[in-house]
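Remarks on the structure that follows.
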Amino acid sequence: MSTLDAAAVAAIAARLHAAARTQGSVEPITATVAALDVTDAYRVQDPVVGLRVAEGERVVGSKLGLTSLAKQQEMDVHEPIGGWLTERMWLAEGEPLDTSALVQPRCE
């Protein structure tokens, strides 16, 4: 069940998008929104992707996460999660990854 109104969703999405564009970091959303749930997280994800698309990025794929029970337990979630990848989030196999512009580089 969602706990955030549309204005809160838009504000969180804008903050995350701005951080990505300025190569900045943000405190975890759960530090300021204690009751954030999975529904809210997906509601925030959609406008973040929308902002990227509005700037000319293309959605090129999807990503599943927390697919193992062990990782779900570690992160205190009860199901796998999913999201969309834009062309700026994806590299082809063997393509070099420039980590100089990343706050906390991670790669799978």
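The values are calculated or read from the model by the stated rules, or taken from the named source; none is laboratory data. As the structure is a computational prediction, the values presented were derived from the model and not from experiment. Positions of Cβ are generated from backbone atoms using ideal geometry, with glycine treated the same way; all protein chains shown enter the neighbour counts. The accessibility values were calculated without ligands, DNA or RNA, using every heavy atom of the protein model including side chains. Shrake-Rupley method; radii C 1.70, N 1.55, O 1.52, S 1.80 Å.
Would you kindly state how much longer the chain becomes between ILE29 and MET75 on full extension, computed as 0.36 nm times their sequence separation minus their alpha carbon distance, in nm to one decimal? Walk me through the numbers before you get to the answer.
Working: separation 46, 0.36 × 46 = 16.56 nm, distance 1.48 nm.
Difference between extended and current length: 15.1 nm.
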In terms of the charge dipole of the chain, which places +1 on Lys and Arg and -1 on Asp and Glu at the beta carbon, the residue among TRP90, LEU69, THR22 farthest towards the positive end is THR22
Inter-centroid distance (Cα atoms) of the range 17-46 relative to the range 60-102, Å: 16 Å
Per 10 Å bin, what percent of the C-alpha pairs of the chain does each bin hold, from zero upward? 12, 39, 40, 8, 0
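Taking all protein chains as present, what is the carbon and sulfur share of the accessible area of the chain, in % to the nearest whole number, probe 1.4 Å?
Numbers: 4450 of 7710 Å².
Looking at the chain in its full context, I get 58 percent from C and S.
In debye, nearest 20: dipole of the chain around its Cα centre with unit charges on the Cβ of K, R (+) and D, E (-)?
Details: 9 positive and 15 negative charges, 40 e Å.
Once rounded to the nearest 20, the dipole reads 200 debye.
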Taking only protein heavy atoms into account and a 1.4 Å probe, give the accessible area per residue of the chain in Å². 71 Å²
Just grab the label-to-label distance for THR3 and LEU97, each label 7 Å out from Cα along the Cβ direction, in nm (one decimal). 3.2 nm
